[in-house]
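For reference, the structure discussed in these notes is given below.
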Amino acid sequence: MVKKYKIVGYGAGGHASIIIDIIKSQNKHKILGLVDEKKNKKKLLGLPVIGNDKDLKKILKKTNKIFLGVADINNTKKNFQIFQKLKKIGFEVISIIDKSCLISNTVKYEEGFKAFPGAIVNANCKIGKNVLLNTGCIIEHDCVLEDNVQVGPGAYIGGNVLIKKNSFIGLGSRINNNIKIGENCIVGSGSVVIKNIKKNQKFAGIPARKI
């Protein structure tokens, strides 16, 4: 019998539900329950909400492994603040990769990496902490995704692209080869990015323009 590692989840919304599905399909972990910031829910997919932020230190005594099941697209910095808070308390934020993903053996990724069903990451990419690759997105060769980057479902990132920390790439977007996107940027759904974007910018459209 394969030993299952005990884990808990942080978050009790739609994002967490996808992660729960992935974990259950892999049969490697036993989920003890979920932590919800405000404890507004009692259950998610049959799993109990066992506490809120005030209970984290007590929960740490049961297991030090946790998945981060929140991904606020309107405040990506908050997501990383939660990641850092969990680390400071003493948790190991585990990476979650669906079995249908195609991740090159040459890819290097850091703690808290999440790749949802059908995501593809090709050769020589570097992926930072708490990066989220949503369903069916494609990251081509030699890309760098810094800490806390989120890539939406069905987005295509061309080769040799740099996306700096806390940036969000919307659903179905296309980022051309060799593009650089600064930190804290948002690229709207369905956009086509053909030129570099400086930090703290919002771009959308075909081709993408500052909004």
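Quick notes on this structure:
- Matching residues, segment 90-115, being under 17 Å from GLY158 (Cα atoms) and buried (at least 21 other Cβ atoms within 10 Å of the Cβ): none
- Residue count for segment 18-35 satisfying the condition of being out of contact with any helix residue (DSSP H, G or I) (no Cβ under 9 Å at 6 or more places or on another chain) and buried (at least 16 other Cβ atoms within 10 Å of the Cβ): 5.
- Only residues that are crowded, with 18+ Cβ neighbours inside 10 Å and part of a loop (DSSP other than H, G, I, E, B) were counted in segment 116-134, giving 9.
Residue-wise test of (1) in a helix (DSSP H, G or I); (2) surrounded by fewer than 17 Cβ atoms within 10 Å (Cβ to Cβ); (3) not assigned by TED's automatic domain parsing to the domain that holds ILE169.
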residue	(1), (2), (3)
LEU56	yes, no, yes
LYS62	no, yes, yes
ILE66	no, no, yes
VAL70	no, no, yes
ASN74	no, yes, yes
ASN79	yes, no, yes
GLN84	yes, yes, yes
LYS88	yes, yes, yes
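- Test result for GLY9, on the phi > 0 side of the Ramachandran plot and either part of a strand (DSSP E or B) or assigned by TED's automatic domain parsing to the domain that holds PHE83 (or both): no
- Once segment 14-39 is narrowed to residues that are under 16 Å from ILE82 (Cβ atoms) and over 20 Å from the mean Cα position of the chain (by Cα), the residue that is modelled with the highest pLDDT is LYS38.
- Scanning segment 93-115 for residues that are in contact (Cβ under 8 Å) with a residue 60 or more places away in the chain and in a loop (DSSP other than H, G, I, E, B) turns up ILE94, ASP98, LYS99.
- Screening the candidates ASN160, ASN148 for the property of being of a type in the set (S, T, N, Q) and under 16 Å from the mean Cα position of the chain (by Cα) yields one hit, ASN148.
- Count of segment 19-35 residues, restricted to those that are touching an Asp or Glu at 6+ places or on another chain (Cβ under 9 Å) and of a type outside the set (S, T, N, Q), is 3.
- With respect to the stated conditions, ILE194 is among the aliphatic types (A, V, I, L, M), surrounded by fewer than 17 Cβ atoms within 10 Å (Cβ to Cβ) and more than 18 Å from the chain's Cα centre (by Cα).
- ILE179 vs. criteria farther than 21 Å from THR135 by Cα, surrounded by fewer than 18 Cβ atoms within 10 Å (Cβ to Cβ), of a type in the set (A, V, I, L, M) and free of Cβ contacts under 8 Å to residues at least 60 places away in the same chain: no
The values are calculated or read from the model by the stated rules, or taken from the named source; none is laboratory data. The structure presented is a predicted model; accordingly, all values stated were derived computationally and were not measured. Cβ atoms come from the backbone with ideal geometry, glycine included; neighbour counts cover every protein chain shown.
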